[in-house]
Amino acid sequence: MTQELLKPLNDLSYLLECAALDYTGELKTELRALCKSLGAGYSHIPEAAQSLPKLERALELYRTDRKAEGASQLVAVSRFWWAAVAA
């Protein structure tokens, strides 16, 4: 059910806020937590399972100080999830 995406989508919105404010430490911590929860609690949602590699990639990009590329991954997942929720 795509409405189940609302909780992780809210978490992702917070990550985008952290990215905009350049709160990189907080972003990495919360992104790691989101990846963990997607792998465990949301793996039954196809959109979540499909997005996990992109979010893990974003985390790696932030860890290597490639913020713009990491933010691009976050935005791509956000758009994908919003499209799923709106459908």
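As for segment 67-83, it holds no residue that is among the aromatic types (Phe, Trp, Tyr), more than 11 Å from Leu5 (Cα to Cα) and in contact (Cβ under 8 Å) with a residue 12 or more places away in the chain.
If I ask for residues that are among the hydrophobic types (A, V, I, L, M, F, W, C) and under 13 Å from the mean Cα position of the chain (by Cα), which ones from segment 22-43 would you list?
Here is the first cut: in segment 22-43, the residues among the hydrophobic types (A, V, I, L, M, F, W, C) are 27, 31, 33-35, 38, 40.
Matches in segment 22-43: Leu27, Leu31, Ala33, Leu34, Cys35, Leu38.
Residue count for segment 38-67 under the criterion of being modelled with pLDDT of 95 or more, surrounded by fewer than 13 Cβ atoms within 10 Å (Cβ to Cβ) and outside any helix (DSSP H, G or I): the result is 2.
Take the residues in segment 1-20 that are touching a residue at least 60 places away in the same chain (Cβ under 8 Å) and hydroxyl-bearing (Ser, Thr, Tyr), then tell me which one is nearest to Ile45 (Cα to Cα). Break it down stepwise before answering.
We begin by selecting, within segment 1-20, every residue touching a residue at least 60 places away in the same chain (Cβ under 8 Å); these are 2-3, 5-6, 8-9, 12-13, 16.
The next check asks that each one be hydroxyl-bearing (Ser, Thr, Tyr); those that pass are 2, 13.
Values: Thr2: 7, Ser13: 18 Å.
Filtering segment 1-20 for residues that are touching a residue at least 60 places away in the same chain (Cβ under 8 Å) and hydroxyl-bearing (Ser, Thr, Tyr), the one nearest to Ile45 (Cα to Cα) comes out as Thr2.
The values are calculated or read from the model by the stated rules, or taken from the named source; none is laboratory data. None of the values given here were measured: they were computed from a predicted structure. Glycine also receives a Cβ, built like all others from the backbone with ideal geometry; neighbour counts cover every protein chain displayed.
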